[in-house]
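*Asks:* Here it is, the structure in full.
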Amino acid sequence: MWCNGIICGPILLIWTLVRGDLKMTVNFPDLLSPGFMVVLLSSCILAFFLNYCIFLNTTLNSALTQTICGNMKDLFTIGFGWIIFGGLPFDFWNVIGQLLGFLGSGLYAFYKLIVR
């Protein structure tokens, strides 16, 4: 996984320079404000603990348990995000799209475990 970061890091840096995203980030007016720093630090801490919990779950449990937990996490994350934050119409085609995504994820995990 760390090789992916080494390979993608320079490419993403060049991409952000070309698109102007790095300049926009540096010129962001609230970049050094305490409120923004608290939110950014909190987000980083939550991401760290989420990854730690995933790695801990993987080492202590079976691959099947990890797969089920991952699919449930995706279900709740997308479901709560859909309900709490909105921005995506709650209509027939969006529900079908989400269900197809979950079905594909579940079938992939099922067949991946069957092959082993």
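The values are calculated or read from the model by the stated rules, or taken from the named source; none is laboratory data. Computed from a predicted structure; not experimentally measured. Neighbour counts run over all protein chains shown; Cβ positions are idealised from the backbone, glycine included.
*Asks:* Looking at 86, 79, which one is in the same structural domain as residue 113 (by TED's automatic domain parsing) and surrounded by 10 or more Cβ atoms within 10 Å (Cβ to Cβ)?
*Replies:* Unique residue meeting the criteria: 79.
*Asks:* Among (1) touching a helix residue (DSSP H, G or I) at 6+ places or on another chain (Cβ under 9 Å); (2) of a type outside the set (Ser, Thr, Tyr); (3) over 16 Å from residue 109 (Cβ atoms), which single condition is residue 71 missing?
*Replies:* (3)
*Asks:* Take the residues in segment 33-65 that are hydroxyl-bearing (Ser, Thr, Tyr), surrounded by 10 or more Cβ atoms within 10 Å (Cβ to Cβ) and within 24 Å of residue 105 (Cα to Cα), then tell me which one is nearest to the chain's Cα centre (by Cα).
*Replies:* Ranking the candidates gives 52 first.
*Asks:* Test residue 13 against the criterion of being surrounded by 11 or more Cβ atoms within 10 Å (Cβ to Cβ) and part of a helix (DSSP H, G or I), and give yes or no.
*Replies:* For residue 13, the condition - surrounded by 11 or more Cβ atoms within 10 Å (Cβ to Cβ) and part of a helix (DSSP H, G or I) - is met.
*Asks:* Let me ask something additional. Looking at segment 66-81, can you tell me whether even one residue there is aliphatic (A, V, I, L, M) and over 20 Å from the mean Cα position of the chain (by Cα)?
*Replies:* no
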